[in-house]
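Input: a single structure, listed below in structure tokens.
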Amino acid sequence: MPDEQTTTNEQQTGTTNETPTTGEQAAIQQSGETGTNTNSSSNTADDLSALFTPGEVAAKKETLAAAKAEEERRASLTDEQRTAEDTQKQADAKANEIPEEYSFKMPEGMELDTEVLAKVAPIFKEAGLSQAKADKMVEVYTKEILPAFAKRQADAWKAETDSWAEATRKDPEIGGVKFDETVKNAQRAVNTINPALKEVFDKYGLGNHPEFVRTFAKIATLLKEDTIDKGGMASDEKTGEARYTDAFYKKG
């Protein structure tokens, strides 16, 4: 006969101590597995959110969508189209390869500086530049950067020599109303000593410098005052050769 307390508890809770049959256990297990699968599917977004930031989740979804779209696009192509596309991809990949050694063809009139190449080649490789991309870098440098740099240097030097000419014109000793006569005297001295100096002075703008003009104007005065026996230059009495020291240093 069952205990009265046990019977009362079963009536209150609506349960019994009967063990489920084998069939009932299988049904419960199947029900639990179905529920687990459903929950797993519905909680996929929650799982991604737990592992990644919203931005990363969005990026992954975009990547998957792009991959699927590419797969569908490739499937829509003919065999010939796919072959042509694959061939082009292989060619592009080869063109983007980083070479073991870079080789450059310089513009006409320019020579490749091997020392500079040895310094920049590792930088090109570190940057992942293919030969074609490195060629573009060198082309921009030789055709754009280098000429622009040379022009700036030339402009700066011209401005410098122009300032010398202006200083000569304003110099109180050799400029002003004396400028034209001073220049004539300086030119005469250059032509007497060594006419080739004029080419050097013109090439580098040194003829504009007030101290050069002043110096050769004084030399012209010394030459004019001394006895000129040969080519406007004092000469040695024994050899007859011109003495440059007499032109620069007048005896007292």
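The values are calculated or read from the model by the stated rules, or taken from the named source; none is laboratory data. Only a predicted model underlies this, so the values are computations on that prediction, with no experimental measurement involved. Positions of Cβ are generated from backbone atoms using ideal geometry, with glycine treated the same way; all protein chains shown enter the neighbour counts.
Observations
- Residue match in segment 168-176 (condition: in contact with a His (Cβ under 8 Å, 6 or more places away or on another chain) and not aromatic (F, W, Y)): yes
Residues checked against (1) of a type in the set (G, A, S); (2) modelled with pLDDT of 90 or more; (3) farther than 18 Å from F104 by Cβ; (4) surrounded by 14 or more Cβ atoms within 10 Å (Cβ to Cβ):
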position	(1), (2), (3), (4)
A121	yes, yes, no, yes
A134	yes, yes, no, yes
R152	no, yes, yes, no
W157	no, yes, yes, no
A165	yes, yes, yes, yes
G176	yes, yes, yes, no
V190	no, yes, yes, yes
E199	no, yes, yes, no
R214	no, yes, yes, yes
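- No other residue among E97, E115, E108 is in a helix (DSSP H, G or I), free of Cβ contacts under 8 Å to residues at least 40 places away in the same chain and over 30 Å from T215 (Cα atoms) apart from E115.
- Each residue in segment 144-199 was checked for being assigned to a loop (DSSP other than H, G, I, E, B) and aliphatic (A, V, I, L, M), and 1 of them qualify.
- When segment 56-71 is limited to residues that are charged (D, E, K, R) and at pLDDT 90 or above, the one that is nearest to the chain's Cα centre (by Cα) turns out to be E62.
- Condition check for A156: farther than 18 Å from F212 by Cβ, among the hydrophobic types (A, V, I, L, M, F, W, C) and either touching an Asp or Glu at 6+ places or on another chain (Cβ under 6 Å) or not assigned by TED's automatic domain parsing to the domain that holds E100 (or both): yes
- Within segment 78-105, if we keep just the residues that are hydrophobic (A, V, I, L, M, F, W, C) and touching a helix residue (DSSP H, G or I) at 6+ places or on another chain (Cβ under 7 Å), the residue that is surrounded by the most Cβ atoms within 10 Å (Cβ to Cβ) turns out to be I98.
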